[in-house]
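The values are calculated or read from the model by the stated rules, or taken from the named source; none is laboratory data. Just so it is clear, the structure is predicted and the values come from calculations on it, not from any experiment. Note that each Cβ is placed from the backbone with ideal geometry, even for glycine, and that neighbours are counted across all protein chains shown. Accessible surface is based on the protein model in full, side chains and every heavy atom, while ligands, DNA and RNA are left aside. Shrake-Rupley method; radii C 1.70, N 1.55, O 1.52, S 1.80 Å.
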Amino acid sequence: MQKITKIVLTGGPCAGKSTAMSWIQNAFTERGYKVLFVPEVATELITGGVAPWTCGSNLEYQYCQMLQQMQKEEIFAYAAQTMPDEKILIVCDRGMMDNRAYMTEEEFQAALKRINKTEVEIRDDYEAVFHLVTAAKGVPEIYLKNKDNNQARTESVEKAAALDDKLISAWTGHPHLRVIDNSTGFESKMKRLISEIAGFLGEPEPYEIERKFLIEYPELAYLESRSDCQKVEIIQTYLNAGPDEEARVRQRGADGSYIYFKTIKKKITETSRIEIEERLSQAEYLKNLMNADTNLHQIRKNRYCLTYEGQYFEIDIYPFWTDKAIVEIELLSEEEEIKMPEFLHVIKEVTDDVNYKNSSLARL
């Protein structure tokens, strides 16, 4: 069966996006993928004379850009379906949510209304998002050197870093956001990106390395005030499954706009599992609910997705707890260091504690 996966490659100014395209092409062609690239829309429009300073307003320009983005992605998706390849990777050079970093909140909401889409619909239409951090954060001397050699790059180090933060904030809340920072040399940065994409695609196996911590009940008002934190609503239903296997369906979104997933997990070690996830239509989701494990309750929770120090934390707030919560993080390797936010107070790690598995909490 043909499998088409659409991901976003985004990042701040001078982050290595252009070079990353070549790395992705080479790495995944070798793995048997047909790799398609959706070109950056802003570059095409501005080069052609359509820009924020030539249109009637910034909102009018952003509306044009979002329309063009949607149409191009639809064309690439249709073309992919006509190809004989079994594995197709569509890489979008920036995605719909990048526009948010260049608009006020009022403009963004107006643009959503004009294209008749919700934030959840355009953000979660991509299966994964990979953000390359600008060189202005971590290696400013390289950023300045690149800026001097590129007349189109006008942002100062401070403005480039601020724009990078806005882009990360725009995508925070996505089910699979990964931030690739400048903590290593550039070649290692590219290799980390390839490893993150390969891990997401399940090449060679879709291992999930997850750490889980029980924390004191966080200050929700503070989380909601942070630009790098996004709240989503989740309803999780467990299905009848085989031994050493966990199957579930999940409704995820906010304000009445939802997407649906089915996940099957198989345990490999105490911290590693094979995880296979697929997107469902609403009709498929409802059909799967007919196979629900009636011995377990539905899990309803509010999840606060937090991007912090280049890592992506998921803070789950359950209705039956008022004094504690759970924070999870997925890692690329078991040796990766966790940079726990100082405003989250860890009670203990519960990665291996079966009592804090969602399937166990569903029995409460």
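Can you give the FRET efficiency for Ser57 and Glu121, using 1/(1 + (r/R0)^6), R0 = 30 Å, r = Cβ-Cβ distance, to the nearest 0.05? Efficiency at R0 = 30 Å is approximately 0.80. Over all Cα atoms in region 315-354, the spread is summed up by Rg and Dmax: 11.7, 33 Å.
Distance between the pseudo-spin-label points of Ser18 and Leu332 (7 Å out from Cα toward the beta carbon): 2.3 nm. Within the accessible surface of the chain, defined with a 1.4 Å probe on protein heavy atoms only, the carbon and sulfur portion equals 49 percent.
How large is the accessible surface per residue of region 1-94, computed with a 1.4 Å probe and reported in Å² as a whole number? If you can, show how the numbers build up before the last one.
Working: 4560 Å² over 94 residues.
Heavy-atom SASA per residue in region 1-94 reads 48 Å².
Distance check, please: which entries in Lys231/Lys357; Lys265/Lys287; Lys3/Lys189 exceed 24 angstrom between their Cα atoms? Beyond 24 Å: Lys3/Lys189.
The candidate values are (i) 59, 59, 41; (ii) 74, 50, 35; (iii) 61, 48, 41; the one derived from this structure for Cα extents along the principal axes in Å carries the label (iii). Measuring max minus min along each principal axis, the C-alpha atoms of region 96-145 give extents of 43, 26, 12 Å (largest first).
For region 1-103, chymotrypsin sites (Phe, Trp or Tyr not before Pro) are listed when DSSP marks them as loop and at most 13 other Cβ atoms sit within 10 Å of their Cβ; the list is Trp53. Of interest is the spacing of the C-alpha centroids, which for region 231-266 and region 1-44 amounts to 28 Å. Placing a label point 7 Å from the Cα of Asn291 along the Cα-to-Cβ direction, the residues of region 213-246 with a backbone N closer than 20 Å are 235-246.
Amide H contacts of Gly12: Leu132, Thr134, each under 5 Å away and 5 or more positions distant or on a separate chain (H built 1.01 Å from N in the peptide plane; Pro and chain starts excluded). In this simple spin-label model, placing a label point 7 Å from the Cα along the Cα-to-Cβ direction at both Lys348 and Ala254 gives a separation of 3.3 nm. Residues of the chain were split at every exposed loop site, defined as trypsin sites (Lys or Arg not before Pro) in a DSSP loop with at most 16 other C-beta atoms within 10 angstrom, and the longest piece left, sites excluded, is 32-152.
Within 10 Å, at most 16 other Cβ atoms, and a DSSP state outside H, G, I, E, B define an exposed site. Report the longest part of the chain free of exposed GluC sites (Glu not before Pro). Intermediate values should be presented prior to the final figure.
Values: sites that count: Glu86, Glu219, Glu270, Glu309, Glu334, Glu335, Glu336, Glu337, Glu342.
The answer is 87-218.
Which parts of region 220-242 would a label at Leu364 reach, counting a residue when its backbone N lies under 15 Å from a point 7 Å out along Cα-to-Cβ? Within reach of a label on Leu364, which here means backbone N under 15 Å from a point 7 Å along Cα→Cβ, region 220-242 contributes 236.
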